[in-house]
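So the structure is just underneath, and the comments pick up after that.
The values are calculated or read from the model by the stated rules, or taken from the named source; none is laboratory data. Just so you know, these numbers come straight off a predicted model, no measurement behind them. Glycine also receives a Cβ, built like all others from the backbone with ideal geometry; neighbour counts cover every protein chain displayed. These accessible areas exclude ligands, DNA and RNA; they are computed on the full protein's heavy atoms, side chains included. Shrake-Rupley method; radii C 1.70, N 1.55, O 1.52, S 1.80 Å.
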Amino acid sequence: MTTQDPSVFDEIIERRGTDSAKWDRMEKVYGVPSDTGLPMWVADTDFRAPQVVLDRLQEAVSHGIFGYADNSDEFNAAIQWWMKNRHGWEVEADWIFATTGIVNAVGMCLDAFTAPGDGIVLFTPVYHAFAKVINAAGRRVVELPMIEENGRHKMDFAAYDALLDGSEKMVILCSPHNPGGTVWTREELCQLGDFAKRHDLLLVSDEIHHDLIYPGEKHLPMPVADPSVIDRLLMLTAPSKTFNVAGLHTGNVIIQDETLRDTFAARMRAINLSGNSLGNFALAAAYSPEGAEWVDAQMAYLDENRKIFDETINSIPGLKSMPLQATYLSWVDYADTGMSAEEFYRRVEQDAQIAVNHGDTFGTGGETCARFNIGTQRARIEDACTRLKKAFADLQ
């Protein structure tokens, strides 16, 4: 195994015209010109997947037959190796269910364990797809707004008990948190476990960003932090964000409790859901020593992107970025500019020609914020910084 060359992340890769949602839809969604704009919205990176993944997919393509496949033993073994070696979590093969990505996994959990009208608890602001899936499934979103403390999001359990009415059946955690990049501490996760037990809630822990951790931080999987919640815990993980393979729609639900596992397995059988072979091959290749080395190099690269972007944002009066502990998704608060949302986004999208996620789509607490994706080449981060400085030049 050779040391990963960090320059691979500097290579500018043309994504326009490749059916990239991030690049090819920004003009339609935001009015940002596709030829001159910078997309910093959709949460994928502009980096190629590691060579070990490309080689495995090329092998499958060269073989040329895409019939029914079963690499479940390899798929499960790779997940087991990765969770043990990267996260200190021992997983049994029969706990693992393959899904077509994390949002599908959330939908499957709602379908298997809740009924129309049930309340589903979210700590907001949070990943906008959760609310979309909950509403589409006929369940109710129950928002529990977080507070900001010492530059990070914090769950305010002292206030939450009074906000529930007993109709809630499930709570969904984003760990690490999206947006904002908060890495939850063991104490916070145990407080969440107590909250779930107190209100008899199933706990879905979406840990898709668990590999994207910055130096000095430590992610704890929920069952490692608080084993007492295993009888109500549904763990969601995927290689999507880590290795930029979201389009292969490969994820998993890991359920340690046998009763929950039987219920989920029955629902999976009823709709005949399984992952796709190319996505499963990609996961098996990625969750390897070569993949781990690539992730470490990527995080060192993103760490420098983070520093450059934060320095620019925090140099503009009235703007501040939440210090990222994890993810490549920067959460920028513009409240202190005194600007309306319309004025802020006019400057970002029309003047700077940058497409970003609007904070209000993440629920209560996101109204004066925007999410910027910094998972791109250094030159593009520097370009974005130059554009933003110019767009807000009158404040400086």
**Item:** Vicinal HN-Hα couplings computed from phi for the stretch 212-221 (Karplus, 6.51 cos²θ - 1.76 cosθ + 1.60; Hz; Gly/Pro x)
**Value:** 9, 10, 7, x, x, 10, 9, 8, 10, x
**Asked** What does the charge dipole of the chain about its Cα centre add up to, to the nearest 20 debye, if the Cβ of each Lys and Arg holds +1 and the Cβ of each Asp and Glu holds -1?
**Response** 520
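In Å², and per residue, what accessible area does the chain have when probed at 1.4 Å with the other protein chains present? Working shown, then result.
On the way: 16220 Å² over 396 residues.
Accessible surface, normalised per residue, equals 41 Å².
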**Request:** Using a 10 Å cut-off on Cβ atoms, rank the peptides 268-277, 88-97, 288-297 from the highest mean neighbour count down.
**Result:** 288-297, 88-97, 268-277
**Prompt:** With every protein chain present, what accessible area does ARG56 have (1.4 Å probe, heavy atoms only), rounded to the nearest 10 Å²?
**Reply:** 50
**Prompt:** Along its principal axes, what span do the Cα atoms of the chain show, with the longest given first and each in whole Å?
**Reply:** 61, 58, 38
**Message:** For ARG232, ARG186, give me the order by solvent-accessible area with a 1.4 Å probe, most accessible first, ignoring ligands, DNA and RNA.
**Reply:** ARG186, ARG232
**Message:** What does the C-alpha gyration tensor say about the overall shape of the stretch 90-185? Classify as rounded when a/c is under 1.5, otherwise prolate if a/b is larger than b/c, or oblate.
**Reply:** oblate
**Request:** Read phi for every residue in the stretch 197-206 and hand back ³J(HN,Hα) as whole Hz from Karplus 6.51 cos²θ - 1.76 cosθ + 1.60, θ = phi - 60°, with x for Gly and Pro.
**Result:** 5, 4, 9, 6, 9, 5, 10, 9, 10, 7
**Prompt:** Per-residue accessible area for LYS218 at 1.4 Å probe radius, Å² rounded to 10?
**Reply:** 130
**Asked** Counting only protein heavy atoms and using a 1.4 Å probe, what share of the accessible area of the chain belongs to carbon plus sulfur, as a whole percent?
**Response** 49
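Relative contact order of the chain: what whole-number percent is it, with Cα pairs under 8 angstrom and at least 6 residues apart? Intermediate values should be presented prior to the final figure.
Working: 710 pairs, mean separation 96.7, N = 396.
This gives 24 percent for the chain.
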**Selection from LEU236, THR185, GLN256, by position along the positive dipole direction of the chain (Cβ)** = LEU236
**Asked** How large is ³J(HN,Hα) for each residue in the stretch 101-112, as worked out from phi by the Karplus curve 6.51 cos²θ - 1.76 cosθ + 1.60 (θ = phi - 60°), to whole Hz, x for Gly and Pro?
**Response** x, 6, 5, 4, 4, 4, x, 5, 5, 4, 5, 7
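Please go through the residue pairs LYS169/LYS320; LYS28/LYS307; LYS154/LYS197; LYS22/LYS307; LYS22/LYS169; LYS241/LYS390 and name each one whose alpha carbons sit more than 27 Å apart in this structure.
On the way: LYS169/LYS320 36 Å; LYS28/LYS307 31 Å; LYS154/LYS197 19 Å; LYS22/LYS307 23 Å; LYS22/LYS169 34 Å; LYS241/LYS390 31 Å.
The pairs that break the limit, which is 27 Å between Cα atoms, are LYS169/LYS320; LYS28/LYS307; LYS22/LYS169; LYS241/LYS390.
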**Request:** Hey, can you grab everything whose amide H is under 5 Å from the amide H of ILE354? Only 5+ residues off in sequence or another chain; H modelled, so Pro and N-termini drop out.
**Result:** LEU38, GLU349
**Message:** Given axes a ≥ b ≥ c from the Cα gyration tensor, I'd like to know whether the stretch 64-114 is rounded (a/c under 1.5), prolate (a/b larger than b/c) or oblate.
**Reply:** oblate
**Complete:** Sorted by chain and number, the residues with a modelled amide H under 5 Å from that of LEU202, at a separation of 5 or more or across chains, are MET170, VAL171
**Asked** Among PHE97, SER62, ILE120, whose Cα sits farthest toward the positive end of the charge dipole of the stretch 57-132 (+1 at Cβ of Lys/Arg, -1 at Cβ of Asp/Glu, about the Cα centre)?
**Response** ILE120
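When the helices in the chain are scored as -39500 (n - 2.57) per DSSP H run of 4 or longer and the sum is shared across all residues, what 222 nm value do you end up with, to the nearest 500 deg cm²/dmol?
Numbers: 15 runs with 154 residues, N = 396.
Rounded to the nearest 500, it is -11500 deg cm²/dmol.
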